[in-house]
Amino acid sequence: MTPSTDPHSLLKATFGFETFRSGQEQVIQTLLEGRSASAIFPTGSGKSLCYQLPALLLPGLTLVVSPLLALMKDQIDSLQARGIAAERLDSSLDEETYRRVTQDIRGGQLKLLFVAPERLGNERFLNLIHGLPISLLAVDEAHCISSWGHNFRPDYLKLANAAKELKVERVLALTATATPQVSDDMARAFDIADGDIVNTGFHRPNLELRITSCSDAERPAILEQRLRERPAGSTIIYVSLQRHAEEVAERLVKAGFDAKAYHAGMKSEQRVATQDAFMNGEVPIICATIAFGMGVDKSDIRYVYHYHMAKGYESYMQEIGRAGRDGAPSTCELFACADDCTALENFVYGDTPDPESITSIVTELLGSDDEIDIAITDLSRRHDIRQLVVNTLLTRLELKGIIRAEGHYYGSIRFAPIGSSAEILAQYPDKQAAFIRKIFSCCTKARKWISLDIDQAIAHTGQQRSVILRAIDSLQHKGLAELQLAGYRQRFRRLEQDVDIPELCQQLQETFSQHEAIEIARIESMLAYAQHESCLTAKLLGYFGESIVPCGHCGICLGDEPAQLPPRQHASIESYDLSHFSTLVEQNTNALARPRQQARFLCGLNSPAVSATRGLRGNRQFARCAEVAFANVLEARSVDSPA
């Protein structure tokens, strides 16, 4: 075989590796034989090669779906450096780059295209790739498809249908964290045979897992002691909140350490600069929320400290998996404090919509015509439900067969022409020019922008919306106009007419409550793990269905005493003066009328209605009870405002 068709030759010539890692060759061979596969590999074990290499051997496009923008950028840079035609489509691209990438897609010049999962519901993107041969759909973080997983995303549930509609020849589902139940969900969604699920196991013998019981006040001194007594090395310190990242980094700098904070609240340039400095070894210590490290491939991280408790086994496995990817010994230490659970639980409780919000949104959706036309942002704000939760609710209605998604579209379409209409039309054959002239007759001109009335264009041309959008898109493709699409909306069709809305709302409320209970149980499981009396590695791996004998290299196996956590301390809501809060509620009934809304606000959990109310989040009452358990705040507010 020539190097262009032999996986082993390609592995060495293009990627510079002598041999495949565990599981890689089996996955690649399965894909090359035309079947879908699942790759469940530990973090840093080479999942990306499982689609990068086949992409070069398969005739059509390989579409890579990933929620991690950093992963896309890093991989594309690496692939392009090897001479591989790889690009991404995302909202960060400027107009010129977007035009170039779309031209490459249309021309069949790309081998790999990286996109976020929601783009497969994007009208413009679907028009772009319509009819293109897609040899492989690689789905990264595929555990997001499972409602049993720790990071369920509604957009992932739609990927399986999208794969069928796009006539994708084979699918590769990839993840580093899948329990047996989640693995089954992935296989069922993408029609993966049992024999084509490749699970290499999660055991990382080079990771030394340690647990130290402590109070919140003891943590700073313990962390400094660990950093001084252990050999220097690249270090990630994970914290729960953005302010904690800043506080811990500042404290370490004062103590003489070279440390920086990283969190989603920082400006983009600052985050990028901080990450680059860490990657280059200029800054050895990063104090970060869990947003840091996703898709970042740094092989020599020697230490991962969980300054605060992780929110579950899956998160913990993913986060410690960033250590020691080079195979050298690395230490992962969890500072266990039961008091951390209050903040973790508050985030879970804050995501659960209240019964009134569920009833109002379902009544609106099912109380109008069979054609349902919505903007998620507007729906989220008016019913005070986070956008992700709104999407989850809509997905639940789809799964029940009550509604059917009929695609996304843009409510506002406008373009700025470069040249006169005659000059533009001259660039098209007569038949196409006549069609575009009809579209132009349905436009309204302003000083720069020309707005298209899409409904009028559909009626005037007799063509479908997608055909009209492709014609307008061609103006940009040819460099004849600058195109702007806005007002992102979704269409659904009501399928079931006889719906008992109160019963349906009760079922949805129970589903959200069950999800809430699962997430709370995950947090509790980490408390049990922290106090486990035998091998920590075996306990962690057992959750993912992998059995091992005592590892011999975790804290317990090395002689540590099992951690004894002090009893959990709760701040009492009675200790807070909320006498002025009722006035704030009366002034902001749209955002604070109901007990759950009030509890979210007092616990420092933002909501769409709070964000939409000017100055409300900056009010001094916001997060007033952040140290109090959400359930206690909710109970107190339910008593004070029974309505």
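Derivation of every value follows stated rules applied to the coordinates shown; laboratory data play no part. A quick note: this is a predicted structure, and the numbers were derived from the prediction, not measured. In this analysis, Cβ positions are derived from the backbone assuming ideal geometry, glycine residues included, and neighbour counts consider all displayed protein chains.
Comparing S582, Q484, H553 along the charge dipole axis of the stretch 484-616, the residue lying farthest to the positive side is Q484, per the Cβ-charge model. How high is the FRET efficiency between H580 and R243 when r is their beta carbon distance and R₀ equals 25 Å, given to the nearest 0.05? Taking R0 as 25 Å, the efficiency between H580 and R243 is 0.55.
Between the residues T200, Q456, Y543, the greatest Cα displacement towards the positive end of the dipole of the chain, with unit charges on the Cβ of Lys, Arg, Asp and Glu, is found for Q456.
Expected output is a single nm value to one decimal: the length gained when fully extending between A528 and E364, i.e. 0.36 nm times separation in residues minus the C-alpha distance. What is it?
Extra length available between A528 and E364 comes to 54.7 nm.
If only the Cβ of Lys and Arg carry +1 and only the Cβ of Asp and Glu carry -1, the dipole of the stretch 39-116 around its Cα centre is close to 260 debye. A Cα-only calculation for the stretch 404-546 places Rg and Dmax at 27.1, 80 Å.
Each residue of the stretch 405-417 is assigned a 3J(HN,Hα), and the resulting list reads 5, 10, x, 9, 7, 9, x, 10, 10, 9, 8, 10, x Hz, derived from the Karplus form 6.51 cos²θ - 1.76 cosθ + 1.60 (θ = phi - 60°), x at Gly and Pro. Dipole check for the stretch 419-504: with +1 at the C-beta of Lys and Arg, -1 at the C-beta of Asp and Glu, and the Cα centre as origin, the magnitude is about 500 Debye.
Between the residues I573, I28, I84, the greatest Cα displacement towards the positive end of the dipole of the chain, with unit charges on the Cβ of Lys, Arg, Asp and Glu, is found for I84. Sort the stretch 493-619 into rounded, prolate or oblate with this rule: let a ≥ b ≥ c be the square roots of the eigenvalues of the Cα gyration tensor; rounded if a/c is under 1.5, and if a/c is not under 1.5, prolate when a/b is larger than b/c, oblate otherwise. Because a/c hits 1.5 or more and a/b fails to exceed b/c, the stretch 493-619 counts as oblate.
Span-like helix criteria (full DSSP H runs; alpha carbon extent of at least 24 Å along the helix axis; mean Kyte-Doolittle hydropathy of at least -0.5) are satisfied in the chain by 501-530.
The ranking of M279, M186, M526 from fewest to most other beta carbons within 10 Å of each one's beta carbon is M279, M526, M186. Under 5 Å from the amide H of E406 lie the amide H atoms of R491, F492, R493, each residue being 5 or more positions distant or on a separate chain, with H modelled from the backbone and absent for Pro and chain starts.
Taking other Cβ atoms within 10 Å as a rough exposure proxy, R620, R382, R153 sort from fewest to most as R620, R382, R153.
For the chain, the percent of C-alpha pairs falling in each 20 Å distance bin, counted from 0 to the bin holding the largest distance, reads 16, 47, 32, 4, 0. The stretch 365-394 and the stretch 441-490 have Cα centres lying 26 Å from one another.
Qualifying GluC sites (Glu not before Pro) in the stretch 31-140, where qualification requires a DSSP coil assignment and no more than 13 other C-beta atoms within 10 Å, comprise E33. With N counted as the residues of the stretch 222-261, its alpha-carbon radius of gyration over 2.2 N^0.38 Å works out to 1.12. Taking all Cα-Cα distances within the stretch 573-640, those exceeding 21 Å account for 11%. Candidate cross-link partners of K111 among the lysines, defined by an alpha-carbon separation under 22 Å and a same-chain spacing of 8 or more, comprise K12, K47, K73, K164, K167. What 222 nm value per residue comes from the helices of the chain, counting each DSSP H run with n ≥ 4 as -39,500 (n - 2.57) and dividing by all residues, nearest 500 deg cm²/dmol? It comes out at -12500 deg cm²/dmol, rounded to the nearest 500. Counting every other Cβ atom within 10 Å of each residue's Cβ, K539, K12, K260 order from fewest to most as K12, K539, K260.
Note on the stretch 7-199: percent of Cα-Cα distances in each 5 Å bin, starting at 0 and stopping at the bin with the largest distance, equals 1, 8, 17, 22, 22, 16, 10, 4, 0, 0. Each label point was placed 7 Å from the Cα along the Cα-to-Cβ direction; for Q497 and A85 their separation is 5.2 nm. With R₀ set to 22 Å, the beta-carbon distance separating A255 from D216 gives a calculated FRET efficiency near 0.80. Here the chain is treated with +1 on each Lys and Arg Cβ and -1 on each Asp and Glu Cβ, and its dipole about the Cα centre works out to around 1900 debye. Note: relative contact order over the chain, using C-alpha pairs below 8 Å and six or more positions apart, is 14 percent. Of the cross-linked pairs K254/K539; K260/K298; K400/K539, those separated by over 27 Å at the C-alpha level are K254/K539; K400/K539. Summary value for the stretch 7-199: 30 percent relative contact order, contacts being C-alpha pairs under 8 angstrom separated by 6+ residues.
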